[in-house]
1. Which pairs do you get when a residue that is touching a residue at least 40 places away in the same chain (Cβ under 8 Å), found in region B:1-17, comes within reach of a residue that is of a type in the set (Phe, Trp, Tyr), reach meaning Cβ atoms under 7 angstrom, with the pair 6+ apart or on two chains?
2. Condition first: of a type in the set (Ser, Thr, Tyr) and exposed (fewer than 14 other Cβ atoms within 10 Å of the Cβ). Now tell me which residues in region A:121-138 satisfy that.
3. For region A:1-20, enumerate the residues that are exposed (fewer than 10 other Cβ atoms within 10 Å of the Cβ) and hydrophobic (A, V, I, L, M, F, W, C).
4. Does region A:60-92 hold any residues that are under 19 Å from residue A:151 (Cα atoms) and within 14 Å of the chain's Cα centre (by Cα), and which are they?
5. Checking the condition aromatic (Phe, Trp, Tyr), surrounded by 12 or more Cβ atoms within 10 Å (Cβ to Cβ) and in a loop (DSSP other than H, G, I, E, B), which residue from A:42, A:75 passes?
6. Name the residues in region A:36-57 that are away from chain B (no Cβ under 14 Å) and farther than 18 Å from residue A:127 by Cα, would you?
Amino acid sequence: MAAVIQKLITQTLQVQAIRDQIASALCLESANQRSLAALTQFDPDHWRIRVFVDRSSPWDEFSEENESPIVNVSFDTQSSDGSAGNGITRHKASAVYNIDCYGTGVSSGTFGGHEPGDYLAATEAMRCFGLVEQILMSGYYVYLRMRGIVGKRSIQSVTAFQPQLESRPTRHVNAIRISFAVDFTETTPEYQPENMEVLSARVVRSSDGQILAAAEF
Amino acid sequence: MGLREEAALDAREFLEDGDDFGWPLTITNPDSVSAALTGYSTDIHLTIDPETGQAVSGRQASVVIHMAALTEAGLTLPRGIAEKDLRPWTVETNDITGVKHTFKVIEAIPDRALGIVACTLEEFRAF
């Protein structure tokens, strides 16, 4: 059997493009929110998030110099709808992306006491989750700005977890996972049809307007 | 002297021997009373959960000091403090390169047979 796909496959899968689009949207909107906040009395850093794609341990990016919340976007699962699509160049698929929102907290002394680090970490994770949810579920992103590719997007579930060993780390890290479902159309290399049979037809119109056709095989 | 008392004395000797693994540290109570003691100190960064093999955030620090040393310094047993309007128990100690680190006591685990107390620590930024 010989290979029949003669076009080099270089295109990015839509499922990858959607993952990158989610990350781009979060990055851009976070920057825009900080610009809007700068015009008010609010601290722009309250809207700062750092966005990563496909990181397995992004909490390593937390340091004393930079403790702003981290978002990691990764592909989780995909399923296809066998009844939709033409089976030749495109098919309908549903993908779930894990959008993990991480917050960190270090216990700090205050004037009359201290701020516990575990509470700070939970608060930061929740704040990050709130911003991410508001951005992705905004009406502007109903098709993730990929209309024609994306048909629907929704939040399947939200789960809080702690990515740390036991419960006694020196730096607290809390996380909230958004399972984000996207329905989209995935495309494949264009199928080149073969000539099976030559068919020609000559169409004529009669004097009363009736369409007549003569075919030759 | 019974064996138990001897064991407790030996434990203090091991903990406070600077020529062995004894390490200087300063412990401060919520009333800002400090004591310079010697004990065992650890600060390691684990990244793999041994049970699941999953990557985790795992820097852990702890100190072990003798309860008699605390008593002689006029301090009670440390404990973890979560109240925001109280200062926590803190421990200051240098790492092997001489950099000072400040920690908050999360949990104190006393062994009243040997007279030692192990304190689990977390990072702390002083006011």
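1. Taking only residues 6 or more apart or on different chains, the pairs are B:15/B:40.
2. Residue satisfying the conditions is A:138 alone.
3. A:1, A:2, A:3, A:4, A:8, A:9
4. A:75, A:76, A:77, A:78
5. A:42
6. Hits for region A:36-57 are A:38, A:39, A:40, A:41, A:53.
Residues checked against (1) small (Gly, Ala, Ser); (2) away from chain A (no Cβ under 14 Å); (3) closer than 19 Å to residue A:106 by Cα:
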residue: B:67; (1), (2), (3): no, yes, no
residue: B:87; (1), (2), (3): no, no, yes
residue: B:90; (1), (2), (3): no, no, yes
residue: B:93; (1), (2), (3): no, no, yes
residue: B:109; (1), (2), (3): no, no, no
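Residues checked against (1) over 28 Å from residue B:3 (Cβ atoms); (2) surrounded by 16 or more Cβ atoms within 10 Å (Cβ to Cβ); (3) modelled with pLDDT under 95; (4) of a type outside the set (Ser, Thr, Tyr):
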position	(1), (2), (3), (4)
B:80	yes, yes, yes, yes
B:85	yes, no, yes, yes
B:89	yes, yes, no, yes
B:99	yes, no, yes, yes
B:106	yes, yes, yes, yes
B:120	yes, yes, yes, no
B:123	yes, yes, yes, yes
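The values are calculated or read from the model by the stated rules, or taken from the named source; none is laboratory data. Just so it is clear, the structure is predicted and the values come from calculations on it, not from any experiment. In this analysis, Cβ positions are derived from the backbone assuming ideal geometry, glycine residues included, and neighbour counts consider all displayed protein chains.
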